[in-house]
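S.K.: Pasting a structure below so you can have a look.
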Amino acid sequence: MHQLTLAEIARGLADKKFSSEELTKTLLARIAQLDPQLNSFISLTEDLALAQAKDADARRANGESGALLGAPIAHKDLFCTQGIRTSCGSKMLDNFKAPYDATVVAKLAAAGAVTLGKTNMDEFAMGSANESSYYGAVKNPWNLEHVPGGSSGGSAAAVAARLLPAATATDTGGSIRQPAAFTNLTGLKPTYGRVSRWGMIAYASSLDQGGPLARTAEDCAILLQGMAGFDPQDSTSIDEPVPDYSAGLNGSLQGLRIGVPKEYFSAGLDPRIAELIHNSIKELEKLGAVIKEISLPNMQHAIPAYYVIAPAEASSNLSRFDGVRFGYRCEDPKNLIDLYKRSRGEGFGPEVQRRIMVGAYALSAGYYDAYYLKAQKIRRLVKNDFMAAFNEVDIILGPTTPNPAWKLGAKSSDPVAAYLEDVYTITANLAGLPGLSMPAGFVDGLPVGVQLLAPYFQEGRLLNVAHQYQLNTDWHTRTPTGF
């Protein structure tokens, strides 16, 4: 049963081939057996999962149906879950039990999804390797000596290792798409505002977006259907109708205009990945797509702009963790200043401290105009590049990452090297666009992803293209050895 996709699970439950309770018990046993190798979970919620599974079976017995009814999933550990530890991968929140459910958690629970647990992540979603977690690094199931990507590496590793069919994740600068590429999954970052951020612990509020990680585009469509929609509790949520994503999967790609930015194929891209991307282009051409070279001239400025804006927002968002109201508090503080200093110094890890300091500096008097304001102007130029490109093409295609997954610890002493791995993903966050990564092959036994970008609220188009591609390729069906 662990090899079944979400879509296959939905059909199996509808046909009464197995129950949600049977499936849940099977996957919980598999997690207990295999996750010690991966460290992909922070918390398991066995009692909740079994109760939800029994409830889903009862709902089906009463005639209710639904693609997510009885389907097992897990949540990245920054989605608040009532009464369950929500740690954000940090010592700061190791003892925090959320008093409410995030909107995404509540919507999926209402749809009947079964929560198996909370997945490991880079601390406060800051990282590209899932090595900054207070609970230890996550391992890539394709090679346990390599990173699974971050910050949603726990969700990615768990799904790739067939511990469960799908999981929620978040993407601030590529944290859904990059782990998807590194672990041979399909990952979708929706349009900013498409999925509610209420109850999702913030890293950078103007960039963060929740989305699905699964093995196929079809499964991403199912999970996104349950996650998306307007939320009056979230001031950044957009009141836009949610289409039936599954219904649009089978549309023809005949005449689809695909833009390939010339800037993507620079010296920084591994030539073996470039070859796989060109192979993907050929497959889509066979399906009727028309390829056109385009330009995104301001892409080169995206990384420096992002690494001013994101830390600036993080320094503001993380100021609430002060040792006073909730979370970690140092022992025997001498006074209020000592309480603040030691609680934050002991509660936050090095990467989080680094980004808070960068952000506070960029926002400080005398530097705001020089750094933060200038970065926001570059952000607008990046968006304008995309708007111009989408006047000529329907979607944009390129590599998800410049290199395959690196070895654990290989970039730990050089954070800038890790930041540069986000070069192809962060532009979608700066512009607020939807982006998807899908499996495109392997380099040295490690997965490679191809990225698709579309205009605002065109997630359905991305899923359609990825689904048609996956009907004609088998990369997404490959399973890591031993799992």
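The values are calculated or read from the model by the stated rules, or taken from the named source; none is laboratory data. This structure is a prediction, so every number in the text was calculated from the model and none was measured. Virtual Cβ from ideal backbone geometry, glycine too; neighbours counted across all protein chains shown. Surface areas here come from the heavy atoms of the whole protein model, side chains and all, with no ligands, DNA or RNA. Shrake-Rupley method; radii C 1.70, N 1.55, O 1.52, S 1.80 Å.
S.K.: Leaving ligands, DNA and RNA out of it, rank Lys286, Lys76 by accessible area with a 1.4 Å probe, largest first.
M.R.: Values: Lys286 155, Lys76 0 Å².
From most accessible down to least: Lys286, Lys76.
S.K.: Would you check the accessible area of Trp142, probe 1.4 Å, heavy atoms only, in square angstrom rounded to 10?
M.R.: Ignoring ligands and nucleic acids, Trp142 comes out at about 50 Å².
S.K.: In whole angstrom, how far apart do the alpha carbon centroids of the stretch 41-55 and the stretch 219-280 sit?
M.R.: 31
S.K.: Any idea what the dipole of the stretch 22-112 comes to, in debye rounded to 20, about its Cα centre with Lys/Arg Cβ at +1 and Asp/Glu Cβ at -1? Don't skip to the answer; put the middle values down first.
M.R.: Working: 10 positive and 10 negative charges, 25 e Å.
Around 120 debye, computed over the stretch 22-112.
S.K.: Would you compute, for the Cα atoms of the stretch 24-138, the largest minus smallest coordinate along each principal axis and list the three values in descending order, in whole Å?
M.R.: 46, 31, 23 Å, listed from the longest principal axis down.
S.K.: A further question on this structure: Using only the Cα atoms, what convex hull volume per residue in Å³ does the stretch 143-226 have? Don't skip to the end; give the middle numbers.
M.R.: Details: hull volume 7.5 nm³, N = 84.
Given the Cα convex hull of the stretch 143-226, per-residue volume reads 89 Å³.
S.K.: What is the distance, in nm, between label points placed 7 Å from the Cα along the Cα-to-Cβ direction at Lys407 and at Ser252?
M.R.: 5.1
S.K.: Say each of Asp444 and Asp474 gets a label point 7 Å from the Cα, pointing the same way as Cα to Cβ; how far apart are those two points in nm?
M.R.: So the two model labels end up 2.6 nm from each other.
S.K.: From the square roots a ≥ b ≥ c of the eigenvalues of the alpha-carbon gyration tensor of the stretch 390-483, which class results: rounded (a/c under 1.5), prolate (a/b over b/c), or oblate? Please list the in-between numbers first.
M.R.: Values: a/c = 2.77, a/b = 1.21, b/c = 2.29.
Note, shape of the stretch 390-483 comes out oblate.
S.K.: While we're on this one: How big is D, in µm² s⁻¹, for the stretch 205-326 by Stokes-Einstein at 20 °C and 1.002 mPa s if Rh is the Kirkwood radius over C-alpha pairs?
M.R.: Values: Rh = 18.9 Å.
Approximately 114 µm²/s, per Stokes-Einstein.
S.K.: Hey, with R₀ at 25 Å, roughly what FRET efficiency would Val324 and Lys374 work out to, going by the Cβ-Cβ distance, to 0.05?
M.R.: On the way: r = 35 Å, r/R0 = 1.38.
E between Val324 and Lys374, to the nearest 0.05, is 0.15.
S.K.: Enumerate the residues in the stretch 314-332 having an amide nitrogen under 11 Å from the point lying 7 Å beyond the Cα of Asp338 toward its Cβ.
M.R.: Hits in the stretch 314-332 for Asp338 at 11 Å: 331-332.
S.K.: Let me know the shape class of the stretch 325-449, please: from the alpha-carbon gyration tensor, a ≥ b ≥ c as square roots of the eigenvalues, rounded when a/c is under 1.5, otherwise prolate if a/b is greater than b/c, or oblate. Working shown, then result.
M.R.: Working: a/c = 2.85, a/b = 1.53, b/c = 1.87.
Oblate is the answer for the stretch 325-449, as a/c is 1.5 or above yet b/c matches or exceeds a/b.
S.K.: Share of antiparallel DSSP beta bridges in the chain, in percent to the nearest 5? Numbers along the way, then the final one.
M.R.: Values: 30 of 43 bridges.
If we restrict to bridges inside the chain, about 70 percent are antiparallel.
S.K.: For Gln353 and Met387, calculate 0.36 nm times their separation in residues minus their Cα-Cα distance, and state this gained length in nm to one decimal. Can you show the working numbers first?
M.R.: Details: separation 34, 0.36 × 34 = 12.24 nm, distance 3.54 nm.
Extending this stretch completely gives an extra 8.7 nm.
S.K.: Arranged from highest to lowest average of other beta-carbon atoms within 10 Å per residue, in what order do the peptides 270-276, 202-208 appear?
M.R.: On the way: 270-276: 15.7, 202-208: 21.9.
So the peptides 270-276, 202-208, ranked by packing, come out 202-208, 270-276.
S.K.: Can you tell me the dipole magnitude for the stretch 119-259 around its Cα centre, using point charges on the Cβ only (Lys, Arg +1; Asp, Glu -1), in Debye to the nearest 20? Mind showing how you got there, number by number?
M.R.: Numbers: 8 positive and 13 negative charges, 73 e Å.
Its charge dipole is roughly 360 debye.
S.K.: Right, something else. State whether the stretch 71-220 is rounded, prolate or oblate according to the following rule on the C-alpha gyration tensor (a ≥ b ≥ c being the square roots of its eigenvalues): a/c under 1.5 gives rounded; otherwise a/b larger than b/c gives prolate, and the remaining case gives oblate.
M.R.: Numbers: a/c = 1.34, a/b = 1.14, b/c = 1.17.
Judged from the Cα gyration tensor, the stretch 71-220 comes out rounded (a/c under 1.5).
S.K.: Leaving ligands and nucleic acids out of the surface, order Lys97, Lys411 by accessible area at 1.4 Å, largest first.
M.R.: On the way: Lys97 135, Lys411 50 Å².
Order by accessible area, largest first: Lys97, Lys411.
S.K.: Just one of (1) 17, 31, 26, 17, 7, 1; (2) 20, 54, 26, 0; (3) 26, 59, 14, 0 is P(r) over Cα pairs in 20 Å bins from 0, in percent as worked out from the coordinates here. Which one is it?
M.R.: For P(r) over Cα pairs in 20 Å bins from 0, in percent, the calculated option is (3).
S.K.: Could you work out the helix-only [θ] at 222 nm for the chain, with each DSSP H run of four or more residues adding -39,500 (n - 2.57) and the total divided by the number of residues, to the nearest 500 deg cm²/dmol?
M.R.: Working: 15 runs with 176 residues, N = 483.
Taking each H run of at least 4 residues, the total per residue is -11000 deg cm²/dmol.
S.K.: By a straight-distance test (C-alpha under 14 Å), which aspartates and glutamates pair with Lys407 as possible cross-link partners, with residues fewer than eight away in the same chain excluded?
M.R.: Filter leaves Glu131, Glu145, Glu421, Asp444.
S.K.: Under 16 Å Cα-Cα from Lys334, which aspartates and glutamates qualify once same-chain neighbours fewer than 8 residues away are excluded?
M.R.: Asp322, Glu346
S.K.: Using a probe radius of 1.4 Å on heavy atoms only, what accessible surface per residue do you get for the chain? Whole Å² is fine.
M.R.: Numbers: 17520 Å² over 483 residues.
Spelled out: the 1.4 Å probe surface of the chain, per residue, equals 36 Å².
S.K.: Assigning unit charges at the beta carbon (Lys, Arg +1; Asp, Glu -1) and nothing else, what dipole magnitude in debye, to the nearest 20, does the stretch 221-329 show about its Cα centre? Provide the component values of the computation, followed by the final result.
M.R.: Values: 9 positive and 13 negative charges, 56 e Å.
In debye, rounded to 20, the stretch 221-329 gives about 280.
S.K.: Setting aside same-chain residues fewer than 8 positions from Lys76, which lysines have a Cα under 21 Å from its Cα?
M.R.: Lys25, Lys91, Lys97, Lys107, Lys118, Lys139, Lys189
S.K.: So how far, in whole Å, is the C-alpha centre of the stretch 336-393 from the one of the stretch 67-108?
M.R.: The distance from the Cα centre of the stretch 336-393 to that of the stretch 67-108 comes to 26 Å.
S.K.: Assuming R0 = 60 Å, what is the FRET efficiency of Ser295 and Asp94, from their Cβ-Cβ distance, to the nearest 0.05?
M.R.: The computed FRET efficiency comes out at 0.80.
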